[in-house]
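Quick one: structure below, then a few questions.
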Amino acid sequence: MSTLPTALLSSLKGLPGYDEQAFIQMHTSGQQITSVRINPTKAFDVYEHSFEVESKIPWTSNGYYLKQRPSFTLDPLLHAGAYYVQEASSMFLEQALRQTADMSQSLKVLDLCAAPGGKSTLIQSVISNESLLITNEVIKTRANILAESITKWGAENVVVTNNDPKDFAKLENYFDIIVIDAPCSGSGLFRRDADAIGEWSEANVQLCSQRQQRIIADVLPALKQGGILIYSTCSYSKDEDEAIADWMIDEFNMKSLRLSTEPEWNIVEALSDKNKAYGYRFYPDKVKGEGFFIACMEKQESECGEVAFPKKSKLEKLSKNDIAIAEKWIREDVGISILKWKELALALPARFVQDIDLLQQSLYIKQAGVALGQITPKELIPEHSLAVSNLLSNNIPVIDVTLEEALQYLRKSDFKLDSNGKGWTVLQYKSRNLGFIKLLPNRLNNYYPKEWRILK
Ligand code: SAM
């Protein structure tokens, strides 16, 4: 592994909890940690699965360390959205959410810098079903990856947007919680990604620090008075961590919030130089996870007004007949609205329809709720998102397949199944939905999305 930049090491001297010798030693040890987080809506017995669980991650409800890194790509349950491969330290976000807000309430939550979707899928699992998560990524190609993660996660209370942080400023006082997992210089991931070491520079730390301030200033009008801002990075640099917390207090009179941690977690509580704001540092020589920083702030004052919800909806409605066709495919849950969206039928909890109307005034909505499919005069041609969603009706036929069959399906290869069924059918692996096939008299059509097929 390349040596750690001397300028980084000297800039960390004197920081709370920093132990240079242990830090360097951990980076040269070659030790790698693998962890996953289970989707509670698609839960399975992790101890019975093909990967070997080492232990539970103590600061999160659904996270596990694995004994070794399996080939995740060849595990159909990953593609079914039954779990997400995520670095353990960042799952501490669950503590930040639970300790600063009441997760049983109906909340509007924004994950501003969200691709590929690790924090967003965690947030979705922690908030209530009455809450709405808006998950945003500014870079278009990365927004596609985010949409894929969200689709596979299967929840209907999520909206994916592709916007610059400043586009949110018009949503004055709208969000209860904003999570900013900011783009940063990335030193916290050096143990895992040694190639990134060569790209580190002090100048980049300064650039990141300025960008982080700009992102926060741009989005802050959208946070309610009394709302919570959760700021995190995977950088050890004070200028991207505690100094940003100090700056938020100086510029916006934010109030720092303290979190409680268990001593055995070895997370270091750090106070910022000027305003003594609380921040939480994760060092890989202390914590079983990568480098991470997180701080929580409450917005004490707001000069902004309230957002005005549009009086008249601009969303297109479907005919009663079309709605009846679509309804056959979804569980008989109360409170789901079926709308027309980009030529598709879309299911969305009824209480959020007004929010979609509001959001689309200022944002580019890439995806909202669950796309059900295209309605023709006679039938619904289902979308993949419906198969992997939590909305699919139990009346749709399913076939549970072997590992080899599941992989053929996920590769989008031609294969045969021994079945007398016909028409639209859901393929399952270990009882988790993988996607649709259509059974025809002598063959089947594979409807797995081409762009997501596995290439191995
Ligand atoms: N939260 C993600 C997760 O847990 O999977 C990781 C987010 S990553 C640390 C930061 C994200 O910020 C990247 O996806 C990057 O594309 C995005 N980003 C880059 N520049 C940005 C900017 N100027 N404003 C907002 N987001 C930006």
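Does residue 213 satisfy the criteria of being free of Cβ contacts under 8 Å to residues at least 40 places away in the same chain and buried (at least 16 other Cβ atoms within 10 Å of the Cβ)?
Yes: the conditions hold for residue 213.
Do the conditions hold for residue 34, that is, is it open to solvent by less than 60 Å² (accessible area, probe 1.4 Å), in contact (Cβ under 8 Å) with a residue 40 or more places away in the chain, within 15 Å of residue 87 (Cβ to Cβ) and among the hydroxyl-bearing types (Ser, Thr, Tyr)?
Yes; evaluated as a whole, the condition is true for this residue.
Continuing with this model, one more query. Taking residue 204 and the conditions (1) touching a helix residue (DSSP H, G or I) at 6+ places or on another chain (Cβ under 7 Å); (2) within 16 Å of the ligand (Cβ to nearest atom), which numbered condition does it fall short on, given that it satisfies the others?
Only one criterion in (1) touching a helix residue (DSSP H, G or I) at 6+ places or on another chain (Cβ under 7 Å); (2) within 16 Å of the ligand (Cβ to nearest atom) is unmet by residue 204, namely (1).
Still on this structure, I have one more. Is it true that residue 197 is more than 9 Å from the ligand (Cβ to nearest atom) and either closer than 16 Å to residue 367 by Cβ or not in a helix (DSSP H, G or I) (or both)?
No.
Oh, and also: Does residue 62 meet the test of being touching a helix residue (DSSP H, G or I) at 6+ places or on another chain (Cβ under 9 Å) and within 22 Å of residue 260 (Cα to Cα)?
When the stated conditions are applied, residue 62 passes them.
I would also like to ask the following. In the range 293-306, what count of residues is obtained for those that are modelled with pLDDT of 90 or more and open to solvent by 30 Å² or more (accessible area, probe 1.4 Å)?
2
From 169, 147, 182, 114, grab the single residue that is out of contact with any helix residue (DSSP H, G or I) (no Cβ under 9 Å at 6 or more places or on another chain) and among the hydrophobic types (A, V, I, L, M, F, W, C).
Of 169, 147, 182, 114, the one residue that is out of contact with any helix residue (DSSP H, G or I) (no Cβ under 9 Å at 6 or more places or on another chain) and among the hydrophobic types (A, V, I, L, M, F, W, C) is 147.
Restricting to the range 229-274, and then to whatever is open to solvent by 10 Å² or more (accessible area, probe 1.4 Å) and assigned to a strand (DSSP E or B), can you tell me which residue is nearest to residue 123 (Cα to Cα)?
257
Now for a separate question. I'm checking my understanding of the structure. Among residues of the range 154-169 that are in contact with a Lys or Arg (Cβ under 9 Å, 6 or more places away or on another chain) and within 12 Å of the ligand (Cβ to nearest atom), which one is farthest from residue 347 (Cα to Cα)?
Looking at residues that are in contact with a Lys or Arg (Cβ under 9 Å, 6 or more places away or on another chain) and within 12 Å of the ligand (Cβ to nearest atom), I get 166.
Go through (1) in contact (Cβ under 8 Å) with a residue 24 or more places away in the chain; (2) surrounded by fewer than 19 Cβ atoms within 10 Å (Cβ to Cβ) for residue 193 and report which single condition fails.
Among (1) in contact (Cβ under 8 Å) with a residue 24 or more places away in the chain; (2) surrounded by fewer than 19 Cβ atoms within 10 Å (Cβ to Cβ), the lone unmet condition for residue 193 is (1).
Within the range 213-257, count every residue that is touching a helix residue (DSSP H, G or I) at 6+ places or on another chain (Cβ under 9 Å) and among the charged types (D, E, K, R).
Counting residues in the range 213-257 that are touching a helix residue (DSSP H, G or I) at 6+ places or on another chain (Cβ under 9 Å) and among the charged types (D, E, K, R) gives 7.
Considering each residue of the range 112-136, count those that are open to solvent by 10 Å² or more (accessible area, probe 1.4 Å) and over 15 Å from residue 153 (Cβ atoms), and give that number.
Residues that pass the stated criteria total 3.
In the range 429-445, which residues are open to solvent by less than 30 Å² (accessible area, probe 1.4 Å) and out of contact with any Pro (no Cβ under 7 Å at 6 or more places or on another chain)?
Once the filter is applied, which keeps residues that are open to solvent by less than 30 Å² (accessible area, probe 1.4 Å) and out of contact with any Pro (no Cβ under 7 Å at 6 or more places or on another chain), the range 429-445 yields 435, 437, 439, 444.
Still on this model: Just one of the numbered conditions (1) hydrophobic (A, V, I, L, M, F, W, C); (2) over 30 Å from residue 103 (Cβ atoms); (3) touching a Pro at 6+ places or on another chain (Cβ under 9 Å) is not true of residue 205; which one?
(3)
Could you please tell me which pairs satisfy a Cβ distance under 6 Å, a separation of 6+ or placement on different chains, a first residue in the range 102-117 that is more than 6 Å from the ligand (Cβ to nearest atom), and a second residue that is open to solvent by 20 Å² or more (accessible area, probe 1.4 Å) and in a strand (DSSP E or B)?
107/176; 108/176
May I ask you to list the residues in the range 67-87 that are outside any helix (DSSP H, G or I) and either buried (at least 24 other Cβ atoms within 10 Å of the Cβ) or not basic (Lys, Arg) (or both)?
If the condition is that a residue be outside any helix (DSSP H, G or I) and either buried (at least 24 other Cβ atoms within 10 Å of the Cβ) or not basic (Lys, Arg) (or both), then 68, 70, 71, 75, 80, 81, 82, 83, 84, 85, 86, 87 are the ones that fit.
On to the next question. Under 25 Å from the mean Cα position of the chain (by Cα), basic (Lys, Arg) and surrounded by 15 or more Cβ atoms within 10 Å (Cβ to Cβ): which single residue out of 366, 412 fits that description?
Result of the check over 366, 412: 366.
The values are calculated or read from the model by the stated rules, or taken from the named source; none is laboratory data. Worth saying up front: this structure is predicted, and the values here are computed from it rather than measured. Note: ideal-geometry Cβ built from the backbone for every residue, glycine included; neighbour counts use all protein chains shown. In case anyone asks, the SASA skips ligands and DNA or RNA and just uses the protein heavy atoms, side chains included. Shrake-Rupley method; radii C 1.70, N 1.55, O 1.52, S 1.80 Å.
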